[in-house]
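Enquirer: Structure in structure tokens, see below.
The values are calculated or read from the model by the stated rules, or taken from the named source; none is laboratory data. Small disclaimer: the values here were computed from a predicted structure and weren't measured. A quick note on method: Cβ atoms are made from the backbone with ideal geometry, for glycine too, and the neighbour counts reach across all protein chains shown. Accessible surface areas use protein heavy atoms only, side chains included; no ligands, DNA or RNA. Shrake-Rupley method; radii C 1.70, N 1.55, O 1.52, S 1.80 Å.
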Amino acid sequence: MSNSDLPEKRNLQRWHLFLYLRVFDQRTGELLGNIVDVSESGLMLISDRPLPKGQDFDLWVDVPHEEGERERLHLKAHSRWSGKDVNPDFYDNGLQIDHLDLLTLAKIQQLINKFRFYK
């Protein structure tokens, strides 16, 4: 079954971003993938390998700001699914954001407002 065959269970708007923001594992420093879309409760990463389903991650997102500055947005997330991307060289991975405090929620909302793609 492909990801497109799964019933939609999300209640929040997902936003595609005009930048592929890089996401890293805090424990290892490994690049896990790039954000394709994001909501206030989750994100989809595109990566060159599948992420194990059911794994907890401590993540940081590399968020650019004006004048070349960057910020690390720290998140805790749980991998929910993984499947082949339209491009067979890549995988799409769905992660649910866990333990969301008000400050982190505000930062995610700022990220969405700043980098979302308008149709």
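Enquirer: In terms of modelled amide H atoms, which long-range or inter-chain residues lie less than 5 Å from the amide H of residue 36?
Expert: Distant-sequence amide H within range of residue 36: 44, 45, 46.
Enquirer: Right, here's the next one. Tell me, what is the per residue accessible area of region 21-68 in Å², probe radius 1.4 Å?
Expert: With all protein chains present, region 21-68 gives 46 Å² per residue.
Enquirer: A further question follows. Could you compute how fast region 57-119 diffuses translationally, taking Rh as the Kirkwood radius over C-alpha pairs and applying Stokes-Einstein at 10 °C with viscosity 1.306 mPa s? Give it in µm² per second.
Expert: 116 µm²/s
Enquirer: Work out the length of the dipole vector of region 10-119 about its Cα centre, built from +1 on the beta-carbon of each Lys and Arg and -1 on the beta-carbon of each Asp and Glu, and round it to the nearest 20 debye.
Expert: With only Lys, Arg, Asp and Glu charged at Cβ, the dipole is about 360 debye.
Enquirer: So which trypsin sites (Lys or Arg not before Pro) in region 9-92 are both in a DSSP loop and have at most 13 other Cβ atoms within 10 Å of their Cβ?
Expert: For trypsin sites (Lys or Arg not before Pro) across region 9-92 that sit outside H, G, I, E and B with at most 13 neighbouring Cβ atoms in 10 Å, the list reads 9, 10, 27, 53.
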